[in-house]
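Worksheet for the structure shown next.
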Amino acid sequence: MTLSPAEAHRQTQRSGVLLLNLGTPSAPEPAAIRRYLAEFLSDPRVVELPRALWLPILYGIILTLRPRRLAHAYRSIWSAEGSPLMAISRRQQAGLQQRLGADVVVALAMRYGEPSIAQGISALLAQGARRILLLPLYPQYSATTTATGFDAAFAHLASLRWQPELRSIASYHDDPAYIAALAASVQAHWRQHGRGDHLLMSFHSIPLRCLQLGDPYYCHCQKTARLLAQALQLEPQQWTLSFQSRVGRAKWLSPYTDESVTRLGASGVRQLDAICPGFAADCLETLEEVAIRYDAQFRAAGGGALRYVPALNDAPAHLDFLAQLAQRHLQGWPGSITPDAQASADARVQMLQRSLEA
């Protein structure tokens, strides 16, 4: 929705939060997957190869073969609500809106696919948000995720005559409330299913070259895993950090999850619990790759069962944390957060942290 200049000037100005996530195909079919992959894999932040070298490979080989191979995987996780990532993200948007109240408007955007970042910013502006906070749902910063989302937001702002004020959150990988929410989710899983023999913390991998060029993602993942292990009072031999979803022949961040799963299965681990702390919402990489494929691989290696601990998704503790995080970054902007709303969010997070210490 585009407002006329007169309509824009008459609006009551508010603050807005734009939730950013990666995106998803619109349907579990090859044509939709091809459109999504074309946008995703043509991003220079994602594949840092010369365009003249990469684009012929992308359009001549990958987009010809990979969509059909992925269609079965997407169909295995698709639900009546559609893409799990999109359905969960919509619930996160609604839950955060409820917690922040009417003075702050919350919109959702995907870096690839729809709603696009340009559409998300336009939706906020149409509701009077002249002050916008970018909140990427990537706990650990990487140029391949967080930075490219910011790039798209900045590019859209460059097209606007009347730009809003802008703030951004780069990461929250070591935020105590985020760690507490992760720990609570593991403990809830243990209460329901019993405690496994070992906890695997699997993060999405990126090319090793990204680390060598200065990307902090590897260090952020290490710190998240270490803090989560401390919160759960795990000894070093009781947990493993690994990296999943690598493609191609180049070296990616390691140890690799598939190799770790095989090693743990062969070592005598019977019940393996697995959590993916880098994913704010469940998606193909968690529901199909980890929960289905790695479970089969673990069993084939001699293990009993891999039990996946769901992403934080729209769990109340996660939404309470996101609200608190947004409120901290919105402070100082006129009328963004009432003292009562701030106190309520702080109290919910403190209650969660106290329950973990009990």
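Is the stretch 176-309 best put as rounded, prolate or oblate by its Cα gyration tensor, with a ≥ b ≥ c the root eigenvalues, rounded for a/c under 1.5, and otherwise prolate when a/b is larger than b/c, oblate when not? Oblate shape, in that a/c is at least 1.5 and b/c is the bigger or equal ratio.
For the chain, rounded, prolate or oblate, judged on the Cα gyration tensor with a ≥ b ≥ c (square roots of eigenvalues), a/c < 1.5 rounded, else prolate if a/b > b/c? Oblate, because a/c is 1.5 or more while a/b does not exceed b/c.
Put in order of Cβ neighbour count within 10 Å, fewest first, the listed residues 57, 179 become 57, 179.
Charges were assigned to the Cβ only: +1 to each Lys and Arg, -1 to each Asp and Glu. The resulting dipole of the stretch 176-309 about its Cα centre is roughly 200 debye. Each other residue within a Cβ distance under 15 Å of residue 119 adds +1 if Lys or Arg and -1 if Asp or Glu, for a net charge of 0. Take the alpha carbon gyration tensor of the stretch 154-194, find the square roots of its eigenvalues, order them as a ≥ b ≥ c, and report rounded if a/c is under 1.5; if not, report prolate when a/b exceeds b/c, else oblate. It comes out prolate by the Cα gyration axes. Calculated mean residue ellipticity, 222 nm, the chain: -14000 deg cm²/dmol, from DSSP H runs (n ≥ 4) at -39500 (n - 2.57) each, averaged per residue and rounded to 500. Over all other residues within a Cβ to Cβ distance under 13 Å of residue 322, the charged ones net out to +1, with Lys and Arg as +1 and Asp and Glu as -1. Put a plus charge on the Cβ of each Lys and Arg, a minus charge on the Cβ of each Asp and Glu, and nothing anywhere else: the dipole of the stretch 25-77 about its Cα centre is then about 160 debye.
Other residues with beta-carbon under 15 Å from the beta-carbon of residue 81 carry, at +1 per Lys or Arg and -1 per Asp or Glu, a net charge of +1.
Cut-off is 10 Å between beta-carbons; in what order do 314, 174 appear when sorted fewest neighbours first?
Arranged by neighbour count, lowest to highest, 314, 174 become 174, 314.
Relative contact order of the chain, taken over Cα pairs closer than 8 Å and 6 or more residues apart, is 21 percent.
Our note on the geometry: Cα centres of the stretch 214-279 and the stretch 26-91, 25 Å apart.
No value in this document is a laboratory result; all are computed from the given coordinates. On a predicted model such as this, the values are computed, not experimentally measured, just so you know. As a convention, Cβ positions derive from the backbone with ideal geometry for all residues, glycine included, and neighbour counts pool all protein chains shown.
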